[in-house]
Amino acid sequence: MFSKRNPQGRITYPRNRGSVPRLFRAEGTIDDTPAGQHLVVAVEVAGLIWPKALVPADSGSWTCQVHEGGNPPSGRFALSLWLTGSQGYDEITAWLETGTRTGHYPGLWQIKDGVKLHSITLRLEA
């Protein structure tokens, strides 16, 4: 799936262990993205994954808006950056379409052909 050198990606904003409102901006960097791969920003709580954005990487950087509408325990959750191929992209696109249609966004146990590149811990502002 990937080249000999694994892609490197990071979340640079917000900072690890920071507090965020329910709607916030996330930023980061990525290098060596293989052709046909996609970046995904997701929220993780209790082993489940909620994709928040399919993110284009321009010039090695990315930015997106994240809305955390759930109620994670103690307000804490992980924000993670994933790299996925066509299977994961198709899965997430279908999940988002179904959620938009039904209003129901169940957490995913995994992202097909996805590799987590980086993760930080955040807390919702009170």
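Going through the stretch 74-125 one residue at a time, which ones are among the small types (Gly, Ala, Ser) and out of contact with any strand residue (DSSP E or B) (no Cβ under 6 Å at 6 or more places or on another chain)? Answer for the stretch 74-125, where residues must be among the small types (Gly, Ala, Ser) and out of contact with any strand residue (DSSP E or B) (no Cβ under 6 Å at 6 or more places or on another chain): Ser74, Gly85, Ser86, Ala94, Gly99, Gly103.
All conditions but one from (1) of a type in the set (Phe, Trp, Tyr); (2) within 23 Å of Gly99 (Cβ to Cβ); (3) in contact with an Asp or Glu (Cβ under 6 Å, 6 or more places away or on another chain) apply to Trp50; the one that does not is (3). The lone criterion from (1) in contact with a Lys or Arg (Cβ under 7 Å, 6 or more places away or on another chain); (2) outside any helix (DSSP H, G or I) left unmet by Tyr105 is number (1).
Of the residues Lys52, Lys116, the single one that is of a type in the set (Lys, Arg) and closer than 19 Å to Gln8 by Cβ is Lys116.
From the list Gln87, Gln37, Gln8, the lone residue that is over 19 Å from Leu122 (Cα atoms) and either of a type in the set (D, E, K, R) or surrounded by 19 or more Cβ atoms within 10 Å (Cβ to Cβ) (or both) is Gln37.
Restricting attention to the stretch 60-119, the residues that are in contact (Cβ under 8 Å) with a residue 60 or more places away in the chain and at positive phi total 1.
Taking the stretch 93-121, which residues are in contact with a Ser or Thr (Cβ under 7 Å, 6 or more places away or on another chain) and hydrophobic (A, V, I, L, M, F, W, C)? Correct list: Ile111 only.
Residue by residue, here is whether (1) among the small types (Gly, Ala, Ser); (2) farther than 21 Å from Pro7 by Cβ; (3) outside any helix (DSSP H, G or I); (4) modelled with pLDDT under 95 holds:
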position: Cys64; (1), (2), (3), (4): no, no, yes, no
position: Asn71; (1), (2), (3), (4): no, yes, yes, yes
position: Ser74; (1), (2), (3), (4): yes, yes, no, yes
position: Leu79; (1), (2), (3), (4): no, no, yes, no
position: Leu83; (1), (2), (3), (4): no, no, yes, yes
position: Ala94; (1), (2), (3), (4): yes, yes, no, no
position: Lys112; (1), (2), (3), (4): no, no, yes, yes
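For the stretch 51-70, state whether one or more residues are within 13 Å of Leu117 (Cα to Cα) and of a type in the set (Gly, Ala, Ser). Checked against the condition, which is being within 13 Å of Leu117 (Cα to Cα) and of a type in the set (Gly, Ala, Ser), the stretch 51-70 yields no hits at all.
The values are calculated or read from the model by the stated rules, or taken from the named source; none is laboratory data. Because the structure is predicted, anything quoted here is derived from the model rather than measured. Counting neighbours? That spans all protein chains shown, and the Cβs are built from the backbone with ideal geometry, glycine included.
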